[in-house]
Amino acid sequence: MLKRLFFVSFVFYLCSLIYVEDSSYVHAINKDVIFFDSGTAINGRTMLPMRNIFESLDATVAWDSSTQTITASKGNTTIQLKVNSYKAIVNGKETFLDNPPTIMNSTTMVPVRFVSESLKLPVEWDSTLRVVNIITEGKNIFIYVNDPTINTDKNSKINNYNQLVDLHNNLLFVLQNLEYEKSLYPNYSQDYRNILEKQLTLSKLKLKVMQRMEVILTEIIRQG
């Protein structure tokens, strides 16, 4: 029940946001909440484009293409990362990563947890909803990992599919509640329109989940 309540509150956050297209990553942004619709998991670690995550955390970021080195700074903290290197430097001290930065589709991806914790920001992971939550000054950052793993193993794909089914069912639950709530108000009143807008936003997210389910199911059937 608590999980459902968390999901409902999370969904209502998303409903108040403005969607902005940026390459293959969809952001929903207002002054309090940032939602990344396309976190990517590699070896169990959530990755995002370097500029998206650093700028969302109010850090400055620089890219040296000759050495493929990322340098980010916020307050008294400076982080240096290098593509395909497990070594990182935080405030001049060497440390090591579980997963190195990598380039995917010409985009430099960095590990979300390492970046956030290096900047001393708490990170929470909800395995059921597949949502990473980072809390920073005055705003929440939600990252939905819509592709649970890059893995060709059939069992992993079946697990991914089942997780998406759970998310789809949660979305249906919230949409049904919204339909009931909408029925309590006169047609086309302001409250009615507000709920309708929320329904449209969630329906779009549900469609994306269903599309991903179809892709994974096709891959599973192909593998036999």
Subject >> Residues (touching a helix residue (DSSP H, G or I) at 6+ places or on another chain (Cβ under 9 Å) and at pLDDT 70 or above) located in region 143-169 >> reply: ILE143, LYS154, LYS157, ILE158, ASN160, TYR161, LEU164, VAL165, LEU167, HIS168
**OP:** Name the single residue, out of those in region 46-62 being surrounded by fewer than 16 Cβ atoms within 10 Å (Cβ to Cβ) and closer than 18 Å to LYS120 by Cα, that is nearest to the chain's Cα centre (by Cα).
**Re:** GLU55
Original post:
Residues of region 96-114 being outside any strand (DSSP E or B) and loosely packed, with under 15 Cβ neighbours inside 10 Å, which ones?
Top reply: ASP98, ASN105, SER106
Original post:
For region 175-197, does any single residue satisfy the condition of being within 22 Å of VAL131 (Cα to Cα) and basic (Lys, Arg)?
Top reply: no
Original post:
Which ones in region 63-95 are exposed (fewer than 15 other Cβ atoms within 10 Å of the Cβ) and assigned to a loop (DSSP other than H, G, I, E, B)?
Top reply: SER65, SER66, THR67, GLY75, ASN76, ASN84, SER85, TYR86, ASN91, GLY92
Subject >> Any chance ARG212 is surrounded by 15 or more Cβ atoms within 10 Å (Cβ to Cβ) and either assigned by TED's automatic domain parsing to the domain that holds ALA59 or at pLDDT 75 or above (or both) >> reply: yes
Original post:
From the set of residues in region 89-99 that are modelled with pLDDT of 90 or more and not aromatic (Phe, Trp, Tyr), which is nearest to the chain's Cα centre (by Cα)?
Top reply: LEU97
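The values are calculated or read from the model by the stated rules, or taken from the named source; none is laboratory data. Nothing here was measured: the structure is a model prediction, and the numbers come from that model. Heads up, the Cβs are rebuilt from the backbone with ideal geometry, glycines too, and the neighbour counts pull from every protein chain shown.
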